[in-house]
Structures are given as structure tokens and as C-alpha cells.
Amino acid sequence: METVILAVVIAVVVLGVLGGLVVGSRRKKSLPPPPPAAPDITAPPAEPHVGDEAETPRDEPRRTIEEVDLPGSSAPPVVEELPPTEIEVPEPTAGRLVRLRARLSRSQNALGKGLLTLLSREHLDDDTWEEIEDILLTADVGVAPTQELVDGLRERVKVLGTRTPDELRGLLREELLKLVGTEVDRTVRTEPEERKPGIVMVVGVNGTGKTTTTGKLARVLVADGRTVVLGAADTFRAAAADQLQTWGERVGAHTVRGPEGGDPASVAFDAVKEGKEMGVDVVLIDTAGRLHTKTGLMDELGKVKRVVEKQAPLDEILLVLDATTGQNGLVQARVFAEVVDITGIVLTKLDGTAKGGIVVAVQRELGVPVKLIGLGEGADDLAPFEPEAFVDALIGE
């Protein structure tokens, strides 16, 4: 028993010695270095906020608001004014067709020169006279006027016998002047007796150039010393009123206009009213283009006429026709003549492919004279119609 206890004691002592040796050896080993302390970091300067000073404010003398000179307090601001619109001086209308006669060159080739060539043949048989008829019909003279001209020429040639070029030209000139008419009053009536202003209404189908013609007519009247008010009664076509106003501003004419899509009769009424108040010589009313086959539109044109006549009688109703449409334009003319009392014709685009004979045909169809013709795109290319100058241009020198 004692032996066992002794052995246990010895074992405990041995274990204690071994444990002390292990702990001592671990303490002798170097411990890992402690982690380095966090470096001191200098924070960047903070961004200045709204209202912060960029630097330390310095002591400076302060001024009260009464001591501060406010900008512009000593002198008023200078406002730059736009230059006024320059008013143009149109060319005089006297002899204008003579100056523009070269514009009829195409019509001259088709009608005048063709007839002179055929009439210069040594023998004028039936075939030649048929060719002459064909030229006249192709030139839009019309059937009845063509027959009259051919019969007159045949009779004169038979009596004349020998035919020199000068004699033929004179003969043809006389016969054409008979057809065109030299004794008709072709003045645009703008000076009614005992009242002002004269009132002119411009009508026609779409695309004939009514607004442009109205603007050019204003230039014709201004060139003759008249004062003008323009009525923009075409309220359906976009920018029609702007276009007419531009024409008026160029010659110093006042333009009366209404809202787009408004009542055209109301605009026409106001134009006449303002023309009276201003004491001008002439009021020109531009109406909307309308198809002659549309009954409602044509009735509305009649309404414009009736409303205007509540202020004063219309002195002139001008129908604008595109000369290049030829005989088709006569159908349009008939319908307009039934709705409003046409007093004169304006033929536009007579400088292009139009045939000169349309002047004769439209006068015969409506029984009213051609008073103005358009011979180009220029502002002063609208000319009063002069029969002698027109026929001379057709047959050449």
C-alpha cells in the first residue's frame, strides 16, 4: 500500500516538473511585434459651401447703399431701334406694256409670226386658209372670232391683190385690233364721283395669283398717286394675310386683316370702314380662291359682295384668270360672272406658254374687257392692257 502511494506521488511530481519546463520554454520565445499605431492623417480642407468665404475675411471699410452708385442711375439705358421699313417707289404705269412687250415673245411666235408666214405665200388656197384657222384656234382665239378674222382677211387680200410684207403686217394688225377692241374703256374704276374710297374686289379660282395680283395692283395705284388700304379677306389660305401685308408695307399701304379661318365678309366690311375713316382713295379686297364647281364657296363670295355693299357700292370686281389655262379658264369665268357682276379681267402668266388669243376669247365670252395683264414675276410686271401695244407685240416689228 505504501508502495502505491509513493509511486503516485512520484508521478505527480514528475508531471509538475515537465509542465514547468514547457511553460518556461514558451516564454523564452519572442512574441510577435505589436501592430503599428495608426498614422496621423491630415484631413484635406473642406470644400467651401454656399455663403462661405474663400479666405479669412479682412477688415475693410463698408459703404451704405446710399453711397453706392447703382448702374444706369445717372443715364437711361440706350435702346437700339430697328430701322423703319423702306417704302419703295413703283415704276410709272404709263407705257408699261410697251416696256414689257418682249415678254410676249412666245405668244408672238405662235400667233403673229405664224399668220404672217402663211399670208406671205404666193397662192392662198383653201388649204392655206385652213392652216390660218388652225393657228388662230390653237392660239385660243375661239371659234367665232376665228371665223370673223379669216373672213375679213380673205376679203381684204382679194381686194389688195399684191401683198408686200409691210402691207400684210398692216392688214393683220387692223384685223386683230378689230377683234381685241380699241374703243372699250379699260380703266380700273377707282374714282367714284362724290365719295371716297373707290372699292375694288379681286376674285378667282385657286392658284391664279389673286393675292399677288392684288399686291401688284396696289403698286400700280400708288405709282399713279393714289392712297390704298388692303383688305385681307382670304382667311382660309395659310399666310395669305401675311403675304398681302408684305406687299402693302413695301408701298406704304395699310392692311386690314382678321383671324385665320375667320369670316371673310367681316374682314372686307372692316377694310371698307377703315378706308373711309382714313380717307384713302382706294380699298382693294383680296378674296379667297375657290373652285368654281363648289356651290357653297361661290355663295359665300356673293355674301362678301353683299356685306361690302352695305358700306358702299363696289366700283370694280376684277376676275383673275391664269392665261395658260386657255379655254378651260372660260368655264371658270362663266360661273364667277353668274355669282358676282364681273367688270374687268386680269390675265396673269401671259409671258409664258399662254396664247395671245385668250384675250379675244375671254372678252367675247363675258362681254367685259381685259383691263390688266401679268407679264412676269417682278413686282412691277402688272401692266394696264393697251390693245395697240399688245397687237404690235404679237405680230412683231
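Bridgeable lysines around residue 196 (alpha carbons under 20 Å apart, same-chain partners fewer than 8 residues away excluded): 273, 276, 305, 310.
Using a simple spin-label model with pseudo-atoms 7 Å out from Cα toward Cβ, residue 167 and residue 260 lie 6.6 nm apart.
Taking Cα centre as origin and charging only the Cβ of basic (Lys, Arg, +1) and acidic (Asp, Glu, -1) residues, the dipole magnitude of region 108-152 rounds to 300 debye. Using a simple spin-label model with pseudo-atoms 7 Å out from Cα toward Cβ, residue 126 and residue 379 lie 5.9 nm apart. Semi-axes of the equivalent ellipsoid for region 242-397, computed as √(5λ) from the eigenvalues of its C-alpha gyration tensor and ordered from largest down, come to 29, 20, 14 Å. Take every Cα pair under 8 Å in region 109-158 that's 6+ residues apart, average their separations, divide by the length, and report that relative contact order as a whole percent. With pairs under 8 Å counted, the relative contact order is 34 percent. Each part reduced to its alpha carbon centroid, region 310-386 and region 226-264 end up 21 Å apart.
Taken together, the values in this text are just the output of simple stated rules run on the coordinates, not laboratory data. Just so it is clear, the structure is predicted and the values come from calculations on it, not from any experiment. Backbone-built Cβ (ideal geometry, glycine too); neighbour counts: all protein chains shown.
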